[in-house]
1. Hey, can you tell me all the residues within segment 161-217 that are in contact with a Ser or Thr (Cβ under 7 Å, 6 or more places away or on another chain), closer than 24 Å to K76 by Cα and charged (D, E, K, R)?
2. Could you identify the single residue in A52, A65 that is touching a residue at least 60 places away in the same chain (Cβ under 8 Å), of a type in the set (A, V, I, L, M), under 28 Å from G258 (Cβ atoms) and within 13 Å of the ligand (Cβ to nearest atom)?
3. With the structure loaded, tell me whether V101 is closer than 25 Å to A205 by Cβ, more than 16 Å from the ligand (Cβ to nearest atom) and of a type outside the set (D, E, K, R) or whether it fails that test.
4. With S134, S214, S204 as the choices, which residue is within 13 Å of the ligand (Cβ to nearest atom) and either more than 16 Å from the chain's Cα centre (by Cα) or hydroxyl-bearing (S, T, Y) (or both)?
5. Quick one: which of V162, V166, V153 is buried (at least 21 other Cβ atoms within 10 Å of the Cβ), assigned to a helix (DSSP H, G or I) and modelled with pLDDT of 95 or more?
6. Please work out which residue is farthest from L45 (Cα to Cα), limiting yourself to segment 235-252 and to residues that are part of a helix (DSSP H, G or I) and in contact with a Ser or Thr (Cβ under 8 Å, 6 or more places away or on another chain).
7. In segment 191-210, which residues are in contact with a Phe, Trp or Tyr (Cβ under 9 Å, 6 or more places away or on another chain) and assigned to a loop (DSSP other than H, G, I, E, B)?
8. Have a look at L247, L210, L269 and point out the one that is surrounded by 20 or more Cβ atoms within 10 Å (Cβ to Cβ) and under 17 Å from G64 (Cβ atoms).
Amino acid sequence: MKKYRLMSPGPTPVPEKVLLKMADTVIHHRTPQFQSVLKEVNEKLKRSFRTANAVHTFASSGTGAMEASVVNLLSKGDKALVINAGKFGERFGEICKAYGVDAVMYNVPWSESPDPAIVAKTLKETPGIKAVYSTLCETSTGVVSDIQAIGAVVSKTDAVLVVDAVSGLFADKMLPDEWGVDVVVSGSQKGFMLPPGLAFLSLSAKAEKLIASSNLPKFYFDLKAAIKAYGKNDTAWTPAVSLMQGLNVVLDMMLTEGLDNILSRHARLANATREAMKAIGLELYAKNPSNGVTAVRVPEGVDGSAIVKKMRDEQGVTIAGGQSELKGKIFRVAHMGYMDEYDTISAVAGIEMVLSQLGYKVQLGKGVGRAQELLK
Ligand SMILES: *Cc1c(COP(=O)(O)O)cnc(C)c1O
């Protein structure tokens, strides 16, 4: 028997208290009982997103909110600047393409963070860009973007700034209102400590103005319907009642721990992981690493997919490999959500054992010791 340890950058582990709440009786959504849950959730969502703007919730995976941020703000033939520093930035480009939006791609070399000066230059040289799509933590590379600097650039223009913070929220600091972020997109299965199934989207007044003129096709994700229902403390369609009940509990847990304390917990675990990997001679992939996930280069002569497979099948620890061109070249260990020191130490211990089985020369305990030093 092996315990199941989920250390992938989504889905992430869910606290028992939250699991139990989600096993509670499913109540009807058009009732005072559900409306009181919704009211509480909507208030706490604003606090946890650190925004004064409304945060809308959909019953979908995170990509649904990404799609909503395209189909509600833009029209056919509109120009958007898409910052593509990995798989998720690329996805914004694909969504734009699917809807006939003219996506100007800023292709950032993978492992690097986007350069705000290039964003500024592109906006200046390409008139008419209505929206800029960016990613807080690019989960595929483990890189964090300087959203504050990008916000400073975009907020001076007529364009709105959309940030995919599906994996970055709660792990990497972001102050949307202060930094000029108009739309924050997130999802339940990463830092939120919930199962997959909810997507979130916050909207600034500047972004809301674009909705009226947008002519892209939409129905479920139509924000006009969402905004109307939100105003009546209701939802346009049937909400994911059980997940919403879990969300209410999880938001209490997070606000009790404190958003800054959550950020420092992620920073501590990420730092310990990075230093432990370096201590056993491995190289980090991201030049500017997120505190949500650590991407590590697979050492020369070792089969990268075997690391992930052996970790899962023999150690019981689910980590992630690389995607697309990074397949077999990196592995990724998550710190997001319901994680503590012992999760980090277990992951490091497992990686040491697996690497040694795969023929990599590692002094067992060296990385674990380094992590313990930093976490004690
Ligand atoms: C997980 C993730 C998403 C959403 O993916 P879904 O599978 O649709 O939930 C979007 N962006 C980033 C950066 C992510 O990490």
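1. D164, D182
2. Working: A52 fails: within 13 Å of the ligand (Cβ to nearest atom).
Step by step, each of A52, A65 is checked, and only A65 is touching a residue at least 60 places away in the same chain (Cβ under 8 Å), of a type in the set (A, V, I, L, M), under 28 Å from G258 (Cβ atoms) and within 13 Å of the ligand (Cβ to nearest atom).
3. Details: closer than 25 Å to A205 by Cβ: yes; more than 16 Å from the ligand (Cβ to nearest atom): yes; of a type outside the set (D, E, K, R): yes.
Criteria met by V101.
4. Working: S214 fails: within 13 Å of the ligand (Cβ to nearest atom); S204 fails: within 13 Å of the ligand (Cβ to nearest atom).
Unique residue meeting the criteria: S134.
5. Details: V162 fails: assigned to a helix (DSSP H, G or I); V166 fails: assigned to a helix (DSSP H, G or I).
When all the criteria are applied, what remains is V153.
6. Filtering segment 235-252 down to residues part of a helix (DSSP H, G or I) leaves 241-252.
In the following step, the residues that additionally are in contact with a Ser or Thr (Cβ under 8 Å, 6 or more places away or on another chain) were identified as 243-244, 247, 251.
Working: L243: 14, M244: 11, L247: 9, L251: 7 Å.
Only one residue tops the list, namely L243.
7. In the first step, residues of segment 191-210 are kept if they are in contact with a Phe, Trp or Tyr (Cβ under 9 Å, 6 or more places away or on another chain); the result is 191-193, 198-202.
Passing the criteria: G191, F192, M193, L198.
8. Details: L210 fails: under 17 Å from G64 (Cβ atoms); L269 fails: under 17 Å from G64 (Cβ atoms).
So the residue among L247, L210, L269 that is surrounded by 20 or more Cβ atoms within 10 Å (Cβ to Cβ) and under 17 Å from G64 (Cβ atoms) is L247.
The values are calculated or read from the model by the stated rules, or taken from the named source; none is laboratory data. Owing to the predicted nature of the structure, the values given are computational and were not obtained by experimental measurement. Neighbour counts are summed over all protein chains in view; Cβ atoms, including those assigned to glycine, are modelled from backbone coordinates with ideal geometry.
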